[in-house]
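Notes follow the structure.
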Amino acid sequence: MAETPDTTPAAPFSRIKIRTGAVVFCGNDVALIRRDRSDSTHYTPPGGNVEDGEDLHQALARELAEELDLDIDQAEGGDLMWVVDQRVTRPGLTPPPRKLHLIYRLHITPEVRATLAETEQDELPDGSHEAGVIEWIDYRTTVELPIFPPIGPALAALPDPRAAVAEVALEAVTDENYTWV
């Protein structure tokens, strides 16, 4: 007798995805991707999901090349700065995954910055693309900026761009403290 596939919908957060991202500094400025939507604007650090079989460093290098045109070998650093555990219900037909955001820190020179992309095209599940604008923002002004994952307060609290981070695990992002926009 053949087994019948289980058609029970997956429970929210039963899958785990890993996203690598970077806080790329050039002096006191940090690269953030601004995404303008019809009802909101938000920012994200450059990065994306780790693909099957991909190592974390490879994923970060690939994402920075795709989004900023940055060759990671032109950057200094690469230390893991923060981890954000995301368990937020979001719109859509598929149940939301639990996502671990691994945020790394890199430093580049003004000469490298001058060669980087100014816009980014993010592929959506339907194959279309959403344009993002790469903005360089003084990290000390990010406390109230709508950044996802919400790293703005921790970023703005750094005494300088190379300061040691006392706590790698930032507050988890849940339905109790975040509303998906």
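The values are calculated or read from the model by the stated rules, or taken from the named source; none is laboratory data. If you're wondering where the values come from, they're calculated on a predicted model, not measured in any experiment. Cβ coordinates were reconstructed from backbone atoms using ideal geometry, including for glycine residues, and neighbour counts include every protein chain displayed. SASA here: full protein model, heavy atoms, side chains in, ligands and nucleic acids out. Shrake-Rupley method; radii C 1.70, N 1.55, O 1.52, S 1.80 Å.
For Glu176 and Thr109, compute 0.36 nm times the residue count separating them, minus their Cα-Cα distance, and round to one decimal in nm. Result: 20.2 nm gained on full extension.
Extension gain, Thr94 to Ser38, is 17.9 nm, computed as 0.36 nm per intervening residue step minus the present C-alpha separation.
Rounded to two decimals, the Cα-based Rg/Rh of the range 1-156, with Kirkwood Rh, is 1.02. Taking only C-alpha pairs under 8 Å that are 6+ residues apart, what is the relative contact order of the chain in percent? It comes to 29 percent, rounded to a whole number. To the nearest ten degrees, helix 56-68 and the longest principal axis of the Cα atoms of the chain are 70 degrees apart.
Remark: spin-label model distance Ala157-Asn49 equals 3.1 nm, labels positioned 7 Å along the Cα→Cβ axis. Modelled label positions at Leu56 and Glu123, each set 7 Å beyond Cα in the direction of Cβ, lie 2.5 nm from each other.
For the range 15-61, the solvent-accessible area works out to 45 Å² per residue, with a probe of 1.4 Å and every protein chain left in place.
Taken about its Cα centre, the chain carries a charge dipole of about 540 debye when Lys and Arg each add +1 at the Cβ and Asp and Glu each add -1 at the Cβ. Shape analysis of the range 68-181 based on the Cα gyration tensor places the equivalent ellipsoid semi-axes at 25, 21, 13 Å, largest first.
When restricted to Cα atoms, the range 101-165 yields an Rg and a Dmax of 14.3, 42 Å, respectively.
Classify the range 22-91: rounded, prolate or oblate, from the alpha-carbon gyration tensor (a ≥ b ≥ c, eigenvalue square roots; a/c under 1.5 rounded; otherwise prolate if a/b is larger than b/c)? Oblate, because a/c is 1.5 or more while a/b does not exceed b/c.
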